[in-house]
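K.L.:
Okay, handing you the structure first.
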Amino acid sequence: MRALGVDVGGSKLLACLADSEGRTLGRTVRETGRATGPEKACRLIVAAARELREAHGSFDVAGIGFPGQVDFPRGLVRASVMLDGWLDVALGARISEALGVPCVVDNDVNAAAVAELKQRDDDPPASMLFVSVGTGIGGAITLGPHLWRGHTGVAGEIGNTTIDRHGATCWCGRRGCLNTCASGSAMQNALGADVRLSAVTGSDHHRREDIIQAAATSLGIGIANALNLLNPALVVLGGGVSQLGPGWLEAVAAAARREAFPEAGQCRFELALAGYEAGATGAAWLALEMSGASA
Ligand SMILES: [Zn+2]
């Protein structure tokens, strides 16, 4: 049993071919952008799948991680604040028909959280809050070996929880979401450069440190709210901004522990083990689980 896993992102689409153990056999990338609507995305996914098929052989199932609100049981993309033109798109059915294999669709951060759980098979967390901090902030909740998607599939959307009701306008149209003060794009807007660039010198160096600290504090407060609500055993921080490393993680954890009930703060904070391919490999895992090839 082999699976195609696709992570549809705001700037690129990453597709990988995985075996039944989740090992990546091959990968390919396509460029995307905010204007990547359903037609273009389907063309890119099918082209990437054909390339992998020709280079590495066939696959039996497909999984897609998508940056938006997804109705998982129906393979339906409800909407997206990252990509334009998506409203009630039957992405799973379209890709299944085009590729001739069953296809599941889930939120991209849910898919990444599944990859993270697989990385932690030796010591699985009883409950996990997974927070992906990149251009925007996404989240996922796991209980035992399973995702908790919520009543309509949007559980874990911590990036669009309000932290300042008088704050800046978010992509979702509301004010003061965590996205607006703690995401990679929020830090980039404040600094005028990618905050991961450590080569910034002089007074800009101090400004960069201040911006990172302020964003980490906001993220910690947002996570503290989630800790009081969910009381998870483990909080994992992933996504591109997590490349800031242990110092950033500690700043987020310190703020979260300061703001949460002491009992809720007694969880572990760790950086993600699954790397930048987590969304694609997690989507492949979801496809394998659907097929019954994986427990
Ligand atoms: Zn928002």
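The values are calculated or read from the model by the stated rules, or taken from the named source; none is laboratory data. Small disclaimer: the values here were computed from a predicted structure and weren't measured. Note that each Cβ is placed from the backbone with ideal geometry, even for glycine, and that neighbours are counted across all protein chains shown. The area values use the complete protein model at the heavy-atom level, side chains included, leaving out ligands, DNA and RNA. Shrake-Rupley method; radii C 1.70, N 1.55, O 1.52, S 1.80 Å.
K.L.:
Check 60, 71 and return the single one that is at pLDDT 95 or above, surrounded by fewer than 17 Cβ atoms within 10 Å (Cβ to Cβ), of a type in the set (Asp, Glu) and closer than 18 Å to residue 103 by Cβ.
P.N.:
Result of the check over 60, 71: 60.
K.L.:
Would it be correct to say that residue 232 is in contact with a helix residue (DSSP H, G or I) (Cβ under 9 Å, 6 or more places away or on another chain), open to solvent by less than 30 Å² (accessible area, probe 1.4 Å) and over 23 Å from residue 79 (Cβ atoms)?
P.N.:
Yes, satisfied.
K.L.:
On to the next question. Can you tell me which residues in the stretch 270-290 are surrounded by fewer than 16 Cβ atoms within 10 Å (Cβ to Cβ) and at pLDDT 95 or above?
P.N.:
Answer for the stretch 270-290, where residues must be surrounded by fewer than 16 Cβ atoms within 10 Å (Cβ to Cβ) and at pLDDT 95 or above: 271, 273.
K.L.:
Looking only at residues that are among the hydrophobic types (A, V, I, L, M, F, W, C) and modelled with pLDDT of 95 or more in the stretch 171-185, which one is nearest to residue 222 (Cα to Cα)? Steps first, answer last, please.
P.N.:
Quick first cut of the stretch 171-185, residues among the hydrophobic types (A, V, I, L, M, F, W, C) only: 171-172, 177-178, 181-182.
When the remaining residues are screened for being modelled with pLDDT of 95 or more, the result is 177-178, 181-182.
Working: 177: 9, 178: 7, 181: 10, 182: 9 Å.
Restricting to residues being among the hydrophobic types (A, V, I, L, M, F, W, C) and modelled with pLDDT of 95 or more, the top hit is 178.
K.L.:
Filter the stretch 202-223 down to the residues that are touching a Lys or Arg at 6+ places or on another chain (Cβ under 9 Å) and open to solvent by less than 30 Å² (accessible area, probe 1.4 Å) and list them by number.
P.N.:
Passing the criteria: only 220.
K.L.:
Okay, next question. Since residue 136 meets every condition but one in (1) under 29 Å from residue 88 (Cβ atoms); (2) away from the ligand (no atom under 11 Å from the Cβ), which condition does it not meet?
P.N.:
(2)
K.L.:
Out of all the residues in the stretch 151-169, which are near the ligand (Cβ under 9 Å from one of its atoms) and touching a residue at least 12 places away in the same chain (Cβ under 8 Å)? Before the answer, list the steps.
P.N.:
Taking the stretch 151-169 first, the residues near the ligand (Cβ under 9 Å from one of its atoms) are 157, 159-162, 169.
Matches in the stretch 151-169: 157, 159, 160, 161, 162.
K.L.:
Which one of the conditions (1) in a strand (DSSP E or B); (2) more than 16 Å from the chain's Cα centre (by Cα) does residue 64 fail to meet, given that it meets all the rest?
P.N.:
For residue 64, the failing item is (2).
K.L.:
Moving on to the next point. Does any residue in the stretch 19-48 that is farther than 22 Å from residue 286 by Cα come within less than 6 Å, Cβ to Cβ, of a residue that is open to solvent by less than 40 Å² (accessible area, probe 1.4 Å) six or more places away or on a different chain, and which pairs are these?
P.N.:
Hits for this filter: 32/13; 36/83.
K.L.:
Please specify each residue of the stretch 170-186 satisfying the condition of being aromatic (Phe, Trp, Tyr) and either more than 15 Å from residue 138 (Cβ to Cβ) or more than 9 Å from the ligand (Cβ to nearest atom) (or both).
P.N.:
None; the set is empty.
K.L.:
Oh, and also: Residues of the stretch 118-138 being over 19 Å from residue 148 (Cβ atoms) and assigned to a strand (DSSP E or B), which ones?
P.N.:
133
K.L.:
For residue 289, indicate whether it is in a helix (DSSP H, G or I) and of a type outside the set (A, V, I, L, M, F, W, C). Give the steps one after another, and end with the answer.
P.N.:
Numbers: in a helix (DSSP H, G or I): yes; of a type outside the set (A, V, I, L, M, F, W, C): yes.
Answer is yes for this residue.
K.L.:
Scan (1) more than 22 Å from residue 138 (Cβ to Cβ); (2) surrounded by fewer than 16 Cβ atoms within 10 Å (Cβ to Cβ) for the single condition residue 2 breaks and write down its number.
P.N.:
It is condition (2) that residue 2 fails.
K.L.:
Assuming residue 195 fulfils every condition listed in (1) within 16 Å of the ligand (Cβ to nearest atom); (2) over 17 Å from residue 256 (Cβ atoms) apart from one, which condition is it?
P.N.:
If we test residue 195 against (1) within 16 Å of the ligand (Cβ to nearest atom); (2) over 17 Å from residue 256 (Cβ atoms), just (1) comes out false.
K.L.:
Okay, next question. For residues that are buried (at least 18 other Cβ atoms within 10 Å of the Cβ) and acidic (Asp, Glu), tally how many sit in the stretch 235-269.
P.N.:
Residues in the stretch 235-269 being buried (at least 18 other Cβ atoms within 10 Å of the Cβ) and acidic (Asp, Glu): 1 in total.
K.L.:
Where the second residue is outside any strand (DSSP E or B) and open to solvent by 40 Å² or more (accessible area, probe 1.4 Å) and the first is within 12 Å of the ligand (Cβ to nearest atom) and lies in the stretch 79-91, which pairs have Cβ atoms under 9 Å and are six or more apart or on separate chains?
P.N.:
81/171; 81/172; 81/173; 82/34; 82/135; 82/171
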